[in-house]
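In what follows, a structure is listed as structure tokens, so that the remarks can point back to it.
Each reported figure results from applying straightforward, stated rules to the coordinates on display, with no laboratory input. The model shown is predicted, which means the values in this text are computed figures rather than measured ones. Virtual Cβ from ideal backbone geometry, glycine too; neighbours counted across all protein chains shown.
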Amino acid sequence: MIGGAEIAVKEITDRFGNDFQFDLICARIKKDLPGQEKVGRINVYRFGRGFFGDKYYLALCGHRLAARLHRENNYDAIWAIMASFGGFAAMFFKKKNPAVPFLLTLQEGDPLEYIKKRVGIFSSWFSQIFAQADYIQAISNFLAVWAKKMGARCPVEVVPNGVDLKLFFAEIPSQELEGLKEKTDKGEKDKFLIHTGRLIKKNGLINVVSSLRFLPDYVKFLVVGNGPDQQKLKHLSEDLKVRERVIFAGELSHSEMAKYLKISDIFIRPSLSEGLGNSFLEAMAAGVPIIGTSVGGIPDFLGDGETGLFCEIENPENIAQKILLLLGNENLRQKLIMNGKKLVEEKYEWNKIAARMEAIMKQLTA
């Protein structure tokens, strides 16, 4: 159950100074997970009995565990990751402990309409998460604007997620890459489109599979990750008679994923919504040109014709046109690769991100 937000927490806290200590309260959800353990430098407290409903229990009652731990540890600040289940718990804690500074991090990637619908009758409480915060860190300008629309009265600062440059910049031995090409059946003339991440509706992957109808047979789609849309994508590729051109690699570790990026020609995700889009940044760091949509936080790093190409939302034919443009113009391809790697190195390196987050925390707890 690890995604971009969880990775960000670990990457950031690992880099904070030794004068910081962290206790993390989260939903347990799975019975085989211990109620308490230490992960890295974080003391993890899992709230609930190991069922799916634990996240709702966390939202409504998690502040009680936080209050008990606060009496023992006298916390200097409370930090909520996303205005979601933990955000509710942090808001209730803040109401009972107004002197404790409250930092809210926005990592949301779901469509805002979906979030609003899911909140439903609890919308007034939901808006209180933003109103009670003393400082809000958003990973994109899109989310920063949303925070203000939701009633934030505190400072709002954009600090994006980062990328492990050591991992994605690393050169992979040619022999290892050739073995991977053989494993994925990549022929000498084949071109690989790649997507890394969850196979969910918001990532628009159905439109990538549909775009293969408008592309030459040597263009194939390498799908790295798992998710609820996997069977739907398989069935669609069969219906469109492109099944042999869609390769499902499954879920991979970050180190393995970096290797798959290195044998690919274009990263593509025609998102319907996006908080930021770390998978794009990782592809840029690995030297893979990107194609995405102009939604959410993507315009923060994707300049059309400069660091990537924009395609239209839910338009497979337009997606195919952008792919052909990139495959047929080597000068453009190299320009996007060079500019993308430069941007990631300058703006999205984890040490720089962690330093900015540590400065915010020190300012709050001064």
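Key figures
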quantity: For Ser255, Ser237, order by how many other beta-carbon atoms lie within 10 Å, fewest first; calculated: Ser255, Ser237
quantity: Extension gain from Lys148 to Asn18, taking 0.36 nm per residue of separation minus the Cα-Cα distance; calculated: 43.5 nm
quantity: Distance violations [Cα-Cα > 29 Å] among Lys220/Lys347; Lys148/Lys362; Lys10/Lys186; Lys96/Lys149; Lys181/Lys241; Lys191/Lys352; calculated: Lys220/Lys347; Lys10/Lys186; Lys191/Lys352
quantity: Residues Cys311, Cys154, Cys26, Cys61 arranged by fewest to most Cβ contacts within 10 Å; calculated: Cys61, Cys154, Cys26, Cys311
quantity: Over the chain, relative contact order from alpha-carbon pairs under 8 Å, at least 6 apart, %; calculated: 15 percent
quantity: Scattering curve values for segment 165-347, log₁₀ I(q)/I(0), Debye with Cα scatterers, q = 0.10, 0.11, 0.15, 0.18 Å⁻¹; calculated: -0.34, -0.41, -0.81, -1.24
quantity: Cβ-based charge dipole, the chain, positive-most Cα from Ala283, Ser294, His63; calculated: His63
quantity: Alpha-carbon centroid distance for the pair segment 79-155 / segment 250-283, whole angstrom; calculated: 28 Å
quantity: Sequence-distant residues sharing a close amide H with Tyr45 (under 5 Å, placed H); calculated: Leu24, Ile25, Cys26
quantity: Mean Cα-pair separation over length for segment 2-149, i.e. relative contact order, pairs under 8 Å, 6 or more apart, %; calculated: 17 percent
quantity: Debye log10 I(q)/I(0) at q = 0.10, 0.15, 0.20 Å⁻¹ for segment 41-155, Cα point scatterers; calculated: -0.29, -0.65, -1.14
quantity: Proximal aspartates and glutamates relative to Lys234, as straight alpha-carbon distance under 14 Å, when same-chain residues fewer than 8 apart are discounted; calculated: Glu244
quantity: The chain: translational diffusion in µm²/s, Stokes-Einstein, Kirkwood Rh over Cα pairs, 25 °C, 0.890 mPa s; calculated: 113 µm²/s
quantity: Phi-based couplings in Hz for segment 118-124 (Karplus 6.51, -1.76, 1.60; Gly and Pro marked x); calculated: 5, 5, x, 5, 9, 4, 5
quantity: Residue-averaged 222 nm ellipticity for the chain, from DSSP H runs of 4+ at -39500 (n - 2.57), nearest 500; calculated: -13500 deg cm²/dmol
quantity: Distant-in-sequence amide H partners of Gly308 (H built 1.01 Å from N, under 5 Å); calculated: Gly303
quantity: Other-chain or far-sequence residues with amide H under 5 Å of Gly275's (modelled H); calculated: Gly109, Gly297
quantity: Cross-link reach list, aspartates and glutamates versus Lys94, counting only Cα pairs under 15 Å and skipping chain neighbours closer than eight places; calculated: Asp76, Asp134
